[in-house]
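Inspection log for the structure reproduced underneath, given as structure tokens.
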Amino acid sequence: MPDEDDMQSLVVRLRTIEQERDAWRARCDGLTGERDEQREAVRRLRGSGSYRLGRGLVTLARDPMRLMRRARKQVPRRKTVKRPLPVRIYVAIGLDQPTLREFVHTVRRLVLVTPDHRAVVLTDNPEFSLLRKAGLILEYLPDRQTWERHRPAHPWDVVLSERLSRLYAEHHATTVTFIDPENPPTLARMLDTTPPVRESLQQT
């Protein structure tokens, strides 16, 4: 059995170990508290405006394009409402089939070159359906002789006026252009924006 001196030494050693343990626990608790305080300080710093500004400047210096791409993604996209193009009605009365075909293709080239409007062509040529593939809106009104032969009580001029009024309202048109069957406009004339040419082509 250990003697009294050995027991005394063992007790002293155990107390020393316990004191060292308590000291380590206190130190760990202190480090944990410092860690939590530092985390809170970092969180407040990152939430501050000065930190975000500084970080943005550093990012801009390192990779300016990356910062611009990020800023572009954060900007909300505005929904754009595409407004329909205005409508112009071309009254092509009295044109034979070859002349009507050439005029329709001229208008088609016009809206391709200057896509600032949609075209509606009103014609009295019964073969207008052959030009449907031109991509324009074609409207038909019987010619004067045919109309007066079948409906003499209702003047053709009144029918034309009523039809134009209805087309104007249905298509929300802004312009009505009357085409001279003896001298249909060329593409160059229709592209010309000088007032004299416009006045010679356009009547409302």
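Along its principal axes, the range 90-201 has C-alpha extents of 43, 26, 26 angstrom, given from the largest down.
Probing with 1.4 Å while keeping every protein chain in the model, the per residue accessible area of the range 98-183 equals 59 Å².
The values are calculated or read from the model by the stated rules, or taken from the named source; none is laboratory data. These figures come from a predicted structure and were not determined experimentally. Note: areas computed on protein heavy atoms with side chains; ligands, DNA, RNA excluded. Shrake-Rupley method; radii C 1.70, N 1.55, O 1.52, S 1.80 Å.
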